[in-house]
Amino acid sequence: MTLEEACALLDISPDEDLDIDQLEENYNAKTANLAPGSREHKRIDEACEYLIDVYDEIYSVKENAKKTNVFLIALTISMTMIAAASLLGVMYFMYIRPPVSNNSPDKNYEKLLNEIENLKNKSQDHIVANNTPKSDTRDYADLIEKIMPSIVFILTSKGTGSGFFVSANGDILTNYHVIKNAEYISVITQSGQTFNALVKDFDSNKDMALLKVNTNSTFLNINSSLPKQGEAIVAVGNPSSKYHIYDNTVSNGIVSAIREVDDNLWVQFTASVSPGSSGGALINLHGNVIGMVTWKDADIASQNINFAIPSTELRKFLNTAIHKTAKALPQSKPKSKASSKNFNIPGIKFVGKDDGYEMYLDTENIDYDRQTRTASFITLWWPTEKSKKQMRGNPDFMIPPGKDLGLCLLLYTVNFNANKYVHLRTINLCTDGETIARDYIKPTREITWRTPKKGSRIQLLVNEVKKQLRIK
């Protein structure tokens, strides 16, 4: 602002001596009908401040010094009142004049204006910072990239679950209920490799199990202490809603509380989890495991009342379990001459057979959405010699020497409204129930919804699924 501009705003002639009484009178008149903090008010304030400095530094009229001081005090009080309604005004009038120097007046005025402008800019930044809604803008991308290679997908004859590597030698921590009563355990890593898993140890009371697969692995460190209430965390798991479609789901939240329930210690947290996430890792922002996702309160599920086994309990279990010898599952393996009478797996129902396969349905792992009338389910097919011969001729099968083809596991989704189904995945095991001969996940581009043919295998299975769900 120039001298001419300041005088024009306050109706004062730049060619005459500055009259402080006139300045005060004109200032009051000009601002009487202006809103405090408005653009016009601020402009007149700036002009007044400018002229006060002109009066003080250039004219230094002694007889008006006392009067000037009185006006400055009054003006300061007035400006302070204005500041109560405008933070910008506070910062604007916090300027304290530097002592008079021997420099030319123009340079002093320029310095003054620059400093006021800087104060204005700072005040605007402060206003923006204090009026911006607080939100969690934390970026978890680097953290997730670091921990994801240690997360695994677990498939058993009873369903699906999650787990994570805890050593470089292929040791995997998961929930005991994920593998309970399973006839086989398959582990799928982030690179897409599939391994048969053995069991090192488990604790059914605290719902922990340690698996072993034959591979080198990156792994997660287990925190040595309990997390703090309110601490930020992320949960990583494999929701089983549509079988292997929502793998590696990440959600964030905080630690709600550390609670003791049924004589066990639990970490309560807010990150969203779903069935299939059991055995997943609960991670702090340093990338360390502070818990293992285990259960949620189904009665108030919408409140995100979720629980994890704390890292302190995981470490106690691992201290002994990790040194034990890995063993095959204790359950008996399916036999090659299996039938509806001797295929003895809990929850497995015989559906029918033809010259190619005997077919069974896993009745305990049917995922049904009543709103969309869509169901996903696991079926078990036991091949006849005719089917085995066809599969042996397929180069995609990897059948080790001395092994023979056995149980096939197929994953389907069916839409009852449209009477359409889609085949998502097939796993072919050898007769030992452990060795995987082929694991085929249908690529997204090849997923096609089809209508089951009357009397076909899939039609028989769909009918049995309807019967189990008690729908028409």
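The values are calculated or read from the model by the stated rules, or taken from the named source; none is laboratory data. The structure presented is a predicted model; accordingly, all values stated were derived computationally and were not measured. Using ideal geometry, Cβ is built from the backbone for each residue, glycine included, and neighbour counts are taken over all protein chains shown. Calculation scope for accessible area: heavy atoms of the full protein, side chains included, ligands and nucleic acids excluded. Shrake-Rupley method; radii C 1.70, N 1.55, O 1.52, S 1.80 Å.
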- Kindly establish whether Ile283 is of a type in the set (A, V, I, L, M), within 16 Å of the chain's Cα centre (by Cα), closer than 17 Å to Asn175 by Cα and in a strand (DSSP E or B). yes
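Counting only residues that are touching a Leu at 6+ places or on another chain (Cβ under 9 Å) and of a type outside the set (A, V, I, L, M), give me the strands (runs of 3 or more DSSP E) lying completely in the stretch 180-224 with at least 2 of them.
194-196, 198-203
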- Could you check, for the stretch 139-147, whether at least one of its residues is under 24 Å from Asn214 (Cβ atoms) and among the hydroxyl-bearing types (Ser, Thr, Tyr)? no
- Message: Being modelled with pLDDT under 90, open to solvent by 30 Å² or more (accessible area, probe 1.4 Å) and either assigned to a loop (DSSP other than H, G, I, E, B) or of a type outside the set (Asp, Glu) (or both): is that true of Ala301 here?
- Response: yes
- Message: Pairs needed: first member in the stretch 265-279, closer than 11 Å to Val293 by Cβ; second member anywhere, at pLDDT below 85 and β-branched (Val, Ile, Thr); C-beta distance under 6 Å; at least 6 residues apart or different chains.
- Response: Gly276/Thr160
- Task: Please go through the stretch 440-472 and pick out each residue that is touching a Lys or Arg at 6+ places or on another chain (Cβ under 8 Å) and more than 19 Å from Arg373 (Cβ to Cβ).
- Result: Tyr440, Ile441, Lys442
- Does the stretch 156-170 contain at least one residue that is modelled with pLDDT of 85 or more and part of a helix (DSSP H, G or I)? no
- Query: Just to be sure, is Asp396 farther than 26 Å from Lys158 by Cβ and of a type in the set (Asp, Glu)?
  - Reply: yes
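Quick one: which of Ser256, Ser241, Ser251 is of a type outside the set (Asp, Glu) and either in a loop (DSSP other than H, G, I, E, B) or modelled with pLDDT under 80 (or both)?
Result of the check over Ser256, Ser241, Ser251: Ser241.
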- Query: Are there any pairs, at least 6 apart or on different chains, whose C-beta atoms fall under 8 Å, with the first in the stretch 28-47 and within 23 Å of Thr2 (Cβ to Cβ) and the second open to solvent by 70 Å² or more (accessible area, probe 1.4 Å) and modelled with pLDDT of 75 or more, and if so, which?
  - Reply: Lys30/Asp11; Leu34/Glu40; Ile44/Lys30; Ala47/Glu5
- Message: Return the residues of the stretch 33-59 that are part of a loop (DSSP other than H, G, I, E, B) and either modelled with pLDDT of 80 or more or open to solvent by 70 Å² or more (accessible area, probe 1.4 Å) (or both); say none if nothing qualifies.
- Response: Asn33, Pro36
- Quick check: anything in the stretch 269-276 modelled with pLDDT under 90, surrounded by fewer than 19 Cβ atoms within 10 Å (Cβ to Cβ) and touching an Asp or Glu at 6+ places or on another chain (Cβ under 6 Å)? no
